[in-house]
Amino acid sequence: MVPILFVLILGLAFCIERVITLNVATINTDKLLSKIDDRLQSNDLEGAIEVCKVTPGPTASTLLEGLRHAEKGPDAVEKAISAFGGMQMSLLERGLVWISLFIALAPMLGFLGTVVGMVQAFDRIEAAGDISPTIVAGGIKVALLTTIFGLISAIILQIFYNYIVVKIDTITHKMEESSIGLVDILTKNKIFK
């Protein structure tokens, strides 16, 4: 039970860290693009860059990288956004491998407890030389409890994992939309030479 509890606590720590990080990384991209557009309408590229600098999150950082390459043309902006966006994606997905590991470990440790419990039950039968319910009940109880605890731990971590993956997908989708929107805004405001 102790190893399963340890896996659950570690898994929850990774999950909570990711949830907090992803919630901080979520911004209103339409509002951000509107602020950038307002600056670019008054031909203030530096002001648009500053808007991205003060806005937290991977979307603003990716758009900032695109704005820094705006004077080099649309291809340079798209390349910069694509390259920097890939780096931001890896940061968003950090820790997911560990959460997956803990999801897999919890039921395995539970099944290991099942095997240990059954071995204990058979050891007691062998020592007593008799099969009575009271002799095997303790071992079977250990077997069932560890299986239950392992499965419950995996279920809890899987729910968090799925929430995190959906959150990452949402942020990624918003990043892609805003990147396309930035190129459109730059084109509309004739920033490309």
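The values are calculated or read from the model by the stated rules, or taken from the named source; none is laboratory data. This structure is a prediction, so every number in the text was calculated from the model and none was measured. Quick reminder, even Gly has a Cβ in these numbers, built from the backbone with ideal geometry, and neighbours come from all protein chains shown.
For the residues M118, M175, the requirement of being surrounded by 19 or more Cβ atoms within 10 Å (Cβ to Cβ) and part of a helix (DSSP H, G or I) singles out M175. When you check E17 against the structure, is it among the charged types (D, E, K, R), outside the structural domain of L157 (by TED's automatic domain parsing) and under 22 Å from the mean Cα position of the chain (by Cα), yes or no? Yes. Every test in (1) assigned to a helix (DSSP H, G or I); (2) surrounded by fewer than 16 Cβ atoms within 10 Å (Cβ to Cβ); (3) touching a helix residue (DSSP H, G or I) at 6+ places or on another chain (Cβ under 8 Å) is passed by V136 save one, and that test is (2).
Table: residues versus (1) at pLDDT 90 or above; (2) closer than 16 Å to L182 by Cα; (3) part of a helix (DSSP H, G or I); (4) of a type in the set (S, T, Y).
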site	(1), (2), (3), (4)
I4	yes, no, yes, no
I9	yes, no, yes, no
A13	yes, no, yes, no
V24	no, no, yes, no
K31	yes, yes, yes, no
I36	yes, yes, yes, no
A76	no, yes, yes, no
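Okay, residues lined up against (1) within 23 Å of the chain's Cα centre (by Cα); (2) under 22 Å from V183 (Cα atoms):
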| site | (1), (2) |
| --- | --- |
| M1 | no, no |
| I27 | yes, yes |
| L40 | no, yes |
| G47 | no, yes |
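Against the test of being within 21 Å of F160 (Cα to Cα), assigned to a helix (DSSP H, G or I) and among the polar types (S, T, N, Q), the options S82, S100 yield a single qualifying residue, S100. If you go through the range 20-39 and keep only what is under 11 Å from K167 (Cβ atoms) and surrounded by 12 or more Cβ atoms within 10 Å (Cβ to Cβ), you end up with T21, L22, A25, T26. Outside any loop (DSSP other than H, G, I, E, B), at pLDDT 90 or above and assigned by TED's automatic domain parsing to the domain that holds L40, is that true of T147? No.
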